[in-house]
Amino acid sequence: MNKKNILCYGDSNTWGFVPIIFDYETFHMERYSRGLRWPGFMQNLLGNDYFVIEEGLNGRTTDVEYPDILARSGISYLEPCLYSHSPLDLVIILLGVNDLKVIFNRSIKDISVGLEKLIKIIKKSPYGKDLKSAPEILVVGPPHLLHEGYLDADNEPVFTGGMEKSNQFNDDFSNLAKNNNCHYINLGNKVKVSEIDGLHLDKVGHAKVGKLMASAVKNILSPSKK
């Protein structure tokens, strides 16, 4: 039996960034081990019939680039990533939080448009399980920001106004998924991020996301659904 290949396309909460007060002088950061990160946790729950591919990148957005950092737009790497890891049964997209940064000045509508661009790239691709059609897509409504205390190198808030916008993810992303014939799961009402930085998942959060995702994946890819 061939393994079912699942690509997890996300940002720092897929990469496994440990919640800390970030030091911009030393750029010190820590990363949870694979077994603690939600994709690895999900892999352990799914078992040997599935192969989970992690593609998390700190700071990744849907479709917008930073003025001083290259290749953080989800658009910039998505198609080669799909090709590299094909054939794929399922692509999980967990993005949108970095788009809330003040530097981008984006509305939820702007973010949804960016997310839809990613969906369309996947839909038009031939990198599904038969290498002729597109893989299934699971759109994820991200956890809400817990506070706006995350500061940049100049001690300025990074996410001013982001809490209110993050509470709107579910309404827009669920409609987007429905309109584009994608699967959808909302983490916003089920998972809390760490109080330390108000942004990143802690060990408990990763475990909870892993369990929720594993259940969703089984529902999407189980033989009875095909």
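Numbers below:
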| item | result |
| --- | --- |
| Complete set of residues in the range 1-34 that are more than 22 Å from VAL91 (Cα to Cα), modelled with pLDDT of 95 or more and aliphatic (A, V, I, L, M) | VAL18 |
| Enumerated strands (runs of 3 or more DSSP E) restricted to the range 90-207, each holding at least 1 residues that are in contact (Cβ under 8 Å) with a residue 60 or more places away in the chain, over 21 Å from ARG72 (Cβ atoms) and hydrophobic (A, V, I, L, M, F, W, C) | 90-94, 136-141 |
| Residue satisfying all of: in the range 181-226; touching a Lys or Arg at 6+ places or on another chain (Cβ under 9 Å) and β-branched (Val, Ile, Thr); surrounded by the fewest Cβ atoms within 10 Å (Cβ to Cβ) among these | VAL204 |
| Looking only at the range 9-34, and only at residues there that are within 19 Å of the chain's Cα centre (by Cα) and assigned to a strand (DSSP E or B), the one that is surrounded by the most Cβ atoms within 10 Å (Cβ to Cβ) | TYR9 |
| Test: residue in the range 105-112 that is of a type in the set (S, T, N, Q), farther than 19 Å from ASN2 by Cβ, open to solvent by less than 30 Å² (accessible area, probe 1.4 Å) and in contact with a Leu (Cβ under 8 Å, 6 or more places away or on another chain) | yes |
| ILE75 vs. criteria modelled with pLDDT of 95 or more, assigned to a helix (DSSP H, G or I) and β-branched (Val, Ile, Thr) | yes |
| Total residues in the range 132-162, condition hydroxyl-bearing (Ser, Thr, Tyr) and farther than 29 Å from TYR184 by Cα | 0 |
| Checking VAL91 against (1) open to solvent by 10 Å² or more (accessible area, probe 1.4 Å); (2) farther than 28 Å from GLU164 by Cβ, the condition it does not meet | (1) |
| Tally, over the range 50-69, of residues that are open to solvent by 60 Å² or more (accessible area, probe 1.4 Å) and either among the small types (Gly, Ala, Ser) or within 21 Å of TYR9 (Cβ to Cβ) (or both) | 3 |
| Breaking point among (1) open to solvent by 10 Å² or more (accessible area, probe 1.4 Å); (2) at positive phi, for VAL102 | (2) |
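The values are calculated or read from the model by the stated rules, or taken from the named source; none is laboratory data. Since the structure is predicted, the reported quantities are computational estimates derived from the model, not experimental observations. Quick reminder, even Gly has a Cβ in these numbers, built from the backbone with ideal geometry, and neighbours come from all protein chains shown. Accessible surface areas use protein heavy atoms only, side chains included; no ligands, DNA or RNA. Shrake-Rupley method; radii C 1.70, N 1.55, O 1.52, S 1.80 Å.
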